[in-house]
1. Could you pull the Rg and Dmax for the chain, using just the Cα atoms, both in Å?
2. Only Cα pairs under 8 Å and at least 6 apart count here; give the relative contact order of the chain as a rounded whole percent.
3. How much of D152 can a 1.4 Å solvent probe reach, expressed as accessible area in Å² and rounded to 10?
4. State the percentage of accessible surface on the chain attributable to carbon and sulfur atoms; use a 1.4 Å probe and exclude ligands, DNA and RNA.
5. Over region 182-264, calculate the relative contact order: mean separation of alpha carbon pairs under 8 Å at least 6 apart, over the residue count, as a percent.
6. Mind listing the long-range amide H neighbours of G37? Cut-off is under 5 Å, sequence gap 5 or more, other chains count too, H placed in the peptide plane at 1.01 Å from N.
7. To one decimal place, what orientation-averaged projected area in nm² is obtained for the convex hull of the Cα set of region 133-264?
8. Amide H to amide H under 5 Å from S64: which residues, 5+ apart in sequence or cross-chain, H placed 1.01 Å off N in plane?
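The values are calculated or read from the model by the stated rules, or taken from the named source; none is laboratory data. On a predicted model such as this, the values are computed, not experimentally measured, just so you know. Here the Cβ positions follow ideal geometry from the backbone for every residue, glycine too, while neighbour counts run over all protein chains shown. Just so you know, the surface numbers come from the protein's heavy atoms only, side chains and all, with ligands and any DNA or RNA stripped out. Shrake-Rupley method; radii C 1.70, N 1.55, O 1.52, S 1.80 Å.
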Amino acid sequence: MRCGDTAGVTLQLSGITVRFGAVVALEDVSLTVPDRGIVGIIGPNGAGKTTVFNVICGLVTPQSGTMTRDGQPFRPKPHELVRLGIARTLQHGGLFESMTVLDNVLTGARDQARTGIGSALARLRRAAGESPEVRERARAMLSDLGLTAYADHRPSELPQAVRPKVALARALAAQPRLLLLDEPAAGLSAEQVDELARLIASLPRRRGCSVVLVDHRLDLVMRVCQEVVVLDAGRVVTRGTPDQLRDDPILAAVYTGGDDDASA
Ligand SMILES: Nc1ncnc2c1ncn2[C@@H]1O[C@H](COP(=O)(O)OP(=O)(O)OP(=O)(O)O)[C@@H](O)[C@H]1O
Ligand SMILES: [Mg+2]
């Protein structure tokens, strides 16, 4: 199942500055996410990575800078995100702990049905109960990600490696054209990161999405991203392809601060 027949989005951030009081969370940050590209954002704790996502999602308004989507000025409101084809996973999982895995994924599928082209029809059907199409989409997503066996489990009962996949399934059930992943590999073993890498790398081709990946696991980021932006204290200190960055002394210096999450 693809996320619609349309292409991904091209997203451009130019000169974004965000301050929280005296804290400069982002300073003059620019980045481009090409259509169906995968761009990585890395950097130590507090570098501003999640703030970039919050800007893209309209949760934080920058003091300066601009965003465009497919070349048009772009200032989304958080409630418009699903309609605009943007989905994100949250740092630390963000699953609904009181719901089953299927219900978690249904929330993503349902949001999309509410705002998608068939929304009027979906609203009519909802009056008579859950739309079968929505349930089918959620189940297909579980099957696609190898999660069917966990459909009736609650998040607290899941193995650590399964939780990020459920978060991913929920985001993908909204059929996004731009997917923002915030530390999906936290707590995973090398083998589990390997599987996640294959999954993320397949998203542009299989689902037509552009992807922005934030993670401390440099092995994952270097493997799946075409371009990687390195943030430190809110500034882009270096950027490039994984090959360009591997020998970049600035990247090494950024991670010599003792961030033991990082594993190149
Ligand atoms: N809503 C907020 N109010 C005040 N300060 C904030 C807010 N959000 C972020 N910050 C600050 O902005 C800076 C960047 O935070 P951000 O969460 O974007 O970093 P990060 O790179 O995602 O870090 P981590 O790797 O720990 O997730 C930090 O100094 C943080 O404390
Ligand atoms: Mg963060």
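1. So, for the chain, Rg and Dmax equal 18.3, 61 Å respectively.
2. Working: 517 pairs, mean separation 76.9, N = 264.
Computed over the chain, the figure is 29 percent.
3. Surface open to solvent at D152 totals about 120 Å².
4. C and S fraction of accessible area: 51 percent.
5. Details: 81 pairs, mean separation 21.3, N = 83.
Here the relative contact order equals 26 percent.
6. Those lying under 5 Å, H to H, from G37 are V211.
7. Numbers: hull surface 35.7 nm².
Answer in nm², one decimal: 8.9.
8. Those qualifying (amide H under 5 Å, at least 5 residues apart or on another chain) are T17.
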